[in-house]
1. Output the residues belonging to region 81-98 that are free of Cβ contacts under 8 Å to residues at least 24 places away in the same chain and either crowded, with 18+ Cβ neighbours inside 10 Å or assigned to a loop (DSSP other than H, G, I, E, B) (or both).
2. Looking at THR110, THR136 in this structure, which one is among the polar types (S, T, N, Q) and within 30 Å of GLU172 (Cβ to Cβ)?
3. So, GLU198, is that one open to solvent by 60 Å² or more (accessible area, probe 1.4 Å), among the acidic types (Asp, Glu) and part of a strand (DSSP E or B) or not?
4. In region 262-277, what residues are at pLDDT below 90, of a type in the set (D, E, K, R) and either assigned by the TED database to the domain that holds THR232 or surrounded by fewer than 18 Cβ atoms within 10 Å (Cβ to Cβ) (or both)?
5. Hey, among GLU362, GLU358, GLU323, GLU369, which residue is charged (D, E, K, R), within 26 Å of GLN244 (Cβ to Cβ), at pLDDT below 90 and surrounded by fewer than 20 Cβ atoms within 10 Å (Cβ to Cβ)?
6. Which number in (1) more than 31 Å from the chain's Cα centre (by Cα); (2) without any contact (Cβ under 8 Å) to a residue 40 or more places away in the chain marks the one condition that ASN150 misses?
7. Going by the conditions given, is PHE135 more than 27 Å from SER19 (Cα to Cα) and surrounded by 17 or more Cβ atoms within 10 Å (Cβ to Cβ)?
Amino acid sequence: GVTRLLLTRIPFFKEIIVSSFACDSCSWSNTEIQSAGRIQEQGVRYTLAVTSRQDLNREVVKTDCATARIPELDFEIPAFTQKGVLTTIEGIIDRAVAGLEQDQPLRRATDEEVASKIEEFIGKLKQLKEVRSPFTFVIDDPSGNSFVENPHAPRRDDALVVTRYRRTPEQEEVDEKPADSAEDLRNEVLQFNTNCPECNAPADTNMKLVQIPHFKEVIIMATNCDSCGHRTNEVKSGGAIEPQGTRITLRITDPSDMTRDVLKSETCSVEIPELEFELGMGALGGKFTTLEGLLKDIRDLVEKNPFTLGDSSAPSRAEKLQEFIGKLQEIIEGKTKAHFIMDDPAGNSYLQNVYAPEEDPELTVDRYERTFEQNEDLGLNDMKTEGYEAE
């Protein structure tokens with residue numbers, strides 16, 4: 001199926017995210033809402049006196065941590081029993097009726113008495129939609145992110161009472177997840193203080209966990225200096241060193257190959273046989289970019305080296321390097337076919353397979369056993385993870 005997301009603003013309220021799922025095969029559909037803001041400083045309670053059919057059409061935002069009550073029927077929808085929803089008061093009643101009717105056939109088969117009582121209660125809920133007599137509808141949300149429409153806004157609504165209150169310690173524990181939970185770390189951009197590597201002025205480094213499809217988690221770090229404008233970013237593997245090294249070979253045959261995502265870890269070397277070019281381990285650091293972005297970084301690395309193309313370079317060497325840059329530019333522009341090889345003994349590099357999960361005819365991934373020297377470079381030969389306590 002297809003899930004659609006819409007960021008929308010409700011007048012006199014705030015922005016919310018509406019997600020809608022629809023399946024063409026079985027026609028099942030589902031919608032839910034999430035607050036686009038944060039938990040408010042106070043909880044909120046909306047108390048509405050429903051006296052007419054028009055009141056049933058009032059829009060309601062009910063988050064998943066909100067409680068909905070109808071005191072006249074002693075009826076309550078507890079918090080966290082339903083997903084957040086953007087609906088009307090009539091829609092909430094219909095949803096409650098549908099939830100109660102869902103298991104009625106099973107109840108009739110197992111406990112006829114309970115089934116008849118619930119059937120009677122369902123009848124009372126359905127009668128509410130006819131508004132033969134007034135009733136009270138209450139939404140209580142400790143997060144402060146639920147809402148009941150005031151059709152007279154910005155004027156006061158005599159039928160609607162909005163009460164804001166301080167949360168109890170128990171409600172604070174329900175509303176707020178632990179700050180160090182793994183899920184929060186995945187959804188949050190972490191920030192820590194550092195110094196600019198260029199001018200040594202105080203700067204902030206942002207860090208985020210990102211899941212790469214069909215691969216693994218990586219950590220992206222970016223530093224921006226407000227003093228000198230220097231910007232740098234780096235990518236670290238979010239996992240351990242793999243049991244085997246990885247050698248990835250891509251045959252560049254089309255300009256569209258330049259849009260493939262590339263994760264080059266700091267332990268990865270790059271080779272382009274057609275240009276007799278090799279970039280050693282550690283050069284350029286860890287990067288998460290596109291193939292075009294990585295090739296341009298390689299081009300800039302050669303161009304900005306004063307010992308290769310600056311005043312101190314030999315004319316013959318400069319001429320060869322200019323020729324190399326020209327050929328590399330032709331590969332970037334898709335005018336020349338070539339092989340792009342990434343060799344990572346740690347197994348933490350990645351090149352996007354655009355046919356995933358099917359095999360890519362132009363992409364080859366070989367796994368190999370590391371040599372003693374490669375393990376030595378990675379510091380694995382002297383690494384002891386078991387039995388070290390005794391020493």
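The values are calculated or read from the model by the stated rules, or taken from the named source; none is laboratory data. What you see is a predicted model, and the numbers here were worked out from it, not measured in a lab. For neighbour counting, all protein chains shown are included, and Cβ atoms are generated from backbone atoms with ideal geometry for every residue, glycine included. Just the protein is used for accessible areas: all its heavy atoms, side chains included, with ligands, DNA and RNA removed. Shrake-Rupley method; radii C 1.70, N 1.55, O 1.52, S 1.80 Å.
1. Hits for region 81-98 are THR81, GLN82.
2. THR136 is the lone residue from the list that is among the polar types (S, T, N, Q) and within 30 Å of GLU172 (Cβ to Cβ).
3. no
4. Once the filter is applied, which keeps residues that are at pLDDT below 90, of a type in the set (D, E, K, R) and either assigned by the TED database to the domain that holds THR232 or surrounded by fewer than 18 Cβ atoms within 10 Å (Cβ to Cβ) (or both), region 262-277 yields only GLU276.
5. GLU358
6. For ASN150, the exception is condition (2).
7. Taking the combined requirement at face value, the residue satisfies it.
So that you can scan it fast, the table gives a plain yes or no per residue for (1) part of a helix (DSSP H, G or I); (2) not assigned by the TED database to the domain that holds GLN127:
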| position | (1), (2) |
| --- | --- |
| ILE16 | no, yes |
| ALA49 | no, no |
| VAL60 | no, no |
| LEU100 | yes, no |
